[in-house]
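Below is one structure, written out as structure tokens, with a few remarks after it.
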Amino acid sequence: MRTIVLGDTHGRTDWKTITAKNDFDKVVFIGDYFDTHESISSEQQKDNFKDLVAYKKANIDKVILLFGNHDYHYLKTTNETYSGFQQWHKTDIQEMLQEAIDADLMQMCYVERNVLCVHAGVTKTWCDENLVQKGFLEQTINDLFKYKPNAFKFTSGKNHSPYGDDVCQTPIWVRPQSLLQDRIEDYIQVVGHTTQNKLVVTNDVILIDTLGTSGEYLQIIDGVISATNVLQIHAVSVGLRVVK
């Protein structure tokens with residue numbers, strides 16, 4: 001069994017090179033398909049997302065498209081915007097995302113054995129507040145996204161970090177420090193959301209928002225987890241194993 005997990009996309013097309021060079025059983029995209037600090041135009045971002053959706057449709061059981069905060073703020077129900085929001089392209093992006101959601105092509109969470117993939121991370125506090133049962137984690141979180149999407153809004157207020165560094169933050173907003181303090185047990189969490197200079201592994205949390213820096217992505221091959229460069233220059237074991 002080989003699974004590939006790719007960090008935040010933000011309009012980048014690296015995924016095409018990675019998926020073309022690898023045989024895999026699953027490929028998981030960690031979200032944030034839109035908004036960028038690089039020279040990637042809005043039209044290029046939209047075209048790239050169309051290609052991702054087409055790729056999902058052509059490989060319906062092999063491709064997992066997760067949701068990120070930079071996708072979430074375009075939804076009609078959200079009524080909040082974050083950095084990089086593209087006001088002039090809001091309607092186009094909103095329609096593209098909604099069509100993908102309505103066609104069941106996108107989800108919030110993916111679990112493979114004891115590996116939990118989600119955009120930013122899942123804390124015990126958020127699970128308790130939203131009645132998420134550990135034994136039904138993937139189903140419950142994905143059902144929440146489908147039927148109660150406001151459960152994933154940014155948790156704001158004077159007692160909360162404006163950066164999202166709170167244990168009560170949602171799975172598309174919590175930051176690594178808070179996640180490490182309050183992570184749910186018995187899972188290896190693979191998350192993006194917070195840019196890293198290189199892929200980071202600490203206390204059963206793997207931070208993979210590295211496509212724009214080191215170019216690394218994650219591979220899980222027969223229970224062995226490794227980091228691989230986008231050009232396949234190196235592959236390094238990260239010291240964690242999946243429960244079989």
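Would you please list the contacts, defined by Cβ atoms under 9 Å and residues six or more apart or on different chains, that run from a residue in region 164-184 that is on the phi > 0 side of the Ramachandran plot to a residue that is surrounded by 23 or more Cβ atoms within 10 Å (Cβ to Cβ) and assigned to a loop (DSSP other than H, G, I, E, B)? The qualifying pairs are GLY164/ALA120; GLY164/THR170; GLY164/TRP173; GLY164/VAL174; GLY164/HIS193. Among the residues of region 87-111 satisfying the criterion of being exposed (fewer than 15 other Cβ atoms within 10 Å of the Cβ) and in a loop (DSSP other than H, G, I, E, B), which is farthest from the chain's Cα centre (by Cα)? Per the criteria, the residue is ALA103. Taking strands (runs of 3 or more DSSP E) as the structural unit, those lying wholly within region 136-218 and holding at least 3 residues that are over 14 Å from the mean Cα position of the chain (by Cα) and over 21 Å from THR36 (Cα atoms) correspond to 200-202.
The residues of region 136-152 that are exposed (fewer than 13 other Cβ atoms within 10 Å of the Cβ) and closer than 30 Å to ILE221 by Cβ amount to a single one, PHE136. For region 22-43, taking the residues that are over 15 Å from the mean Cα position of the chain (by Cα) and within 26 Å of VAL111 (Cα to Cα), the one that is most open to solvent (accessible area, probe 1.4 Å) is identified as ASP23. Reported count of residues in region 54-86, each being out of contact with any Cys (no Cβ under 8 Å at 6 or more places or on another chain) and open to solvent by less than 20 Å² (accessible area, probe 1.4 Å), is 12. I'd like to know if region 22-43 contains one or more residues that are assigned to a helix (DSSP H, G or I), over 30 Å from ASP222 (Cβ atoms) and either at pLDDT 95 or above or among the small types (Gly, Ala, Ser) (or both). Yes - at least one qualifying residue is present in region 22-43.
How about region 112-135: which of its residues are in contact with an Asp or Glu (Cβ under 6 Å, 6 or more places away or on another chain) and either open to solvent by 30 Å² or more (accessible area, probe 1.4 Å) or in a helix (DSSP H, G or I) (or both)? LYS124, THR125, listed by residue number.
Out of THR13, THR3, which single residue is at pLDDT 95 or above, in contact with a Phe, Trp or Tyr (Cβ under 9 Å, 6 or more places away or on another chain) and either β-branched (Val, Ile, Thr) or farther than 24 Å from LYS153 by Cβ (or both)?
Details: THR13 fails: in contact with a Phe, Trp or Tyr (Cβ under 9 Å, 6 or more places away or on another chain).
That would be THR3, the only listed residue that is at pLDDT 95 or above, in contact with a Phe, Trp or Tyr (Cβ under 9 Å, 6 or more places away or on another chain) and either β-branched (Val, Ile, Thr) or farther than 24 Å from LYS153 by Cβ (or both).
Kindly check whether there is at least one residue in region 153-166 that is at pLDDT 95 or above, surrounded by 15 or more Cβ atoms within 10 Å (Cβ to Cβ) and closer than 21 Å to ARG12 by Cα. Checked against the condition, which is being at pLDDT 95 or above, surrounded by 15 or more Cβ atoms within 10 Å (Cβ to Cβ) and closer than 21 Å to ARG12 by Cα, region 153-166 yields no hits at all.
The residues in region 183-198 that are over 22 Å from TYR217 (Cβ atoms) and surrounded by fewer than 19 Cβ atoms within 10 Å (Cβ to Cβ) can be counted, and the count is 2.
The values are calculated or read from the model by the stated rules, or taken from the named source; none is laboratory data. Note that the structure is predicted; figures quoted are calculated from it, not measured. Note: ideal-geometry Cβ built from the backbone for every residue, glycine included; neighbour counts use all protein chains shown. Accessible surface areas use protein heavy atoms only, side chains included; no ligands, DNA or RNA. Shrake-Rupley method; radii C 1.70, N 1.55, O 1.52, S 1.80 Å.
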